[in-house]
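Since every read-out is calculated from the coordinates, none of them should be taken as a lab result. A quick note: this is a predicted structure, and the numbers were derived from the prediction, not measured. Neighbour counts run over all protein chains shown; Cβ positions are idealised from the backbone, glycine included.
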Amino acid sequence: MNDSELKSRLKGIPLPARTAGYWERFPSRVRSQLRPVPADRPQNAFFFQLTWGTAVAFAVLIFALAVWPAFQVVLQDARTVRRELAQFPNHLRTFMANEHGMHYLIADQQ
């Protein structure tokens, strides 16, 4: 069957007769049969907040466990440098930092 035969068959089918009253009532009937979109359920919001709260707490814990030891090392090195710089006018010293920490490179004994 080609397009022209299909068009002729479709045009040959009689349309159902509808009154003017049917077309006037049609939009209101369609609206009455539409279902409202359900709103978000409160229990889903609770679980959503619980999930995000747990994820944030876990991320903070991991960050703290990863960063805190490195922060302690930096604080210890800063304390060492501050202590030695306070004594610098009395002793001529140059510091060297390597993987083992802070060390004297040159020390002048008095």
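Which value in nm describes the separation of the simple spin-label points at VAL67 and ASP3, placed 7 Å from the Cα toward the beta carbon?
It works out to 6.7 nm between the two label points.
In segment 12-88, with Lys and Arg counted as +1 and Asp and Glu as -1 at Cβ, which of these residues, ILE13, ASN44, SER32, has the Cα nearest the positive end of the dipole, that is, farthest along it?
ILE13
Whole-Hz ³J(HN,Hα) for each residue in segment 77-84, computed from phi via Karplus 6.51 cos²θ - 1.76 cosθ + 1.60 with θ = phi - 60°, x for glycine and proline: what do you get?
Result, ordered by residue: 5, 5, 5, 5, 5, 4, 5, 6 Hz.
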